[in-house]
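Okay, structure first, notes after.
All of the numbers you see were taken from the coordinates with simple rules; none came from a lab. Quick caveat, the model's predicted, so the values are computed rather than measured. Here the Cβ positions follow ideal geometry from the backbone for every residue, glycine too, while neighbour counts run over all protein chains shown.
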Amino acid sequence: MEILKVQNLYKTYGTGDTKVDALRNVSFSLEKGEFCAVVGESGSGKSTLLNCIGALDSPSAGQITIAGQDLFKMKEEERTIFRRRNIGFVFQSFHLIAELNVEQNICFPLLLDYQKPDTNAVSEILDVLGLRERRHHLPNQLSGGQQQRVALGRALITRPKLILADEPTGNLDSKNSQDVLELLIKASRHYQQTILMITHNNGLATSADRIFRVNDGIVTDLGGKFESISLCAGKGE
């Protein structure tokens, strides 16, 4: 089942001598349950791509559909609601609410949407992420790795069609980075969750089902993880 389809996507900033083509004729699709990584040098267009797919920025041209719904044919309010219910975000900076505990932070997207959290679903996510014993802790009582687990739980709680992870291990040491990667893979398999992850860590990228490289706004599908290791080696940000 196709979850994400990007067609002929362009994003341009400025005009004339200051014109920058951040994305150029980008087209690809993701199926349900795929875990894909996006690699490329700093300024290549990776974050612009994720921001457009997540409807945090508007493309200059092209089409983005999620579960058959065209994001940019929606009115702004409709798009905001659709994004909240169908797209989960995991950022490099955890963006947890300091005054809320682990369980409350995870449930926050549901509360924003005036939905009552399902107790069983919350407990399951806490167990999957290894946070049951931390459910009443505040963010400042957690390690960086634990905070990123909470952020992942917050992205999972609405069972979104798509999770966008922007350098989710960027603020973590190697041990916690590997733990978070394993949890992303587990989420992809356990919940049949479609995940698109930006990373500068090529070692992490090779664990994905597919790897995309972004270079000067052009996205190239490098295919499966094993065939892509040599193509990604030595090309971090």
Which residues among the range 163-184 fall inside the zone where the amide N is under 13 Å from a point 7 Å beyond the Cα of A67, along Cα→Cβ?
163
Any idea which of S123, V90, N171 is furthest toward the positive side of the dipole for the range 38-174, if Lys and Arg beta-carbons carry +1 and Asp and Glu beta-carbons -1?
S123
Which of the lysines could a cross-linker bridge to K175, judged by Cα under 24 Å and excluding same-chain residues fewer than eight apart?
K186, K225, K235
Reachable lysines from K19, Cα under 23 Å, same-chain residues fewer than 8 places away excluded?
K11, K46
Per the C-alpha gyration tensor (a ≥ b ≥ c, the square roots of its eigenvalues), the range 117-181 is rounded if a/c is under 1.5, else prolate if a/b beats b/c, else oblate; here it's oblate
With each label point set 7 Å from Cα along the Cα-Cβ vector, what nm distance links T12 and L112?
3.2
Calculating Rg and Dmax of the Cα atoms in Å from this structure picks out, from [x] 17.6, 57; [y] 19.3, 57; [z] 17.0, 50, entry [x]
Can you list the aspartates and glutamates whose alpha carbon sits under 17 Å from that of K75, skipping same-chain ones fewer than 8 residues off?
D57
Using only the Cα atoms of the range 74-123, build the gyration tensor, take square roots of its eigenvalues as a ≥ b ≥ c, and label the shape rounded, prolate or oblate: rounded if a/c is under 1.5, else prolate if a/b is larger than b/c, else oblate.
oblate
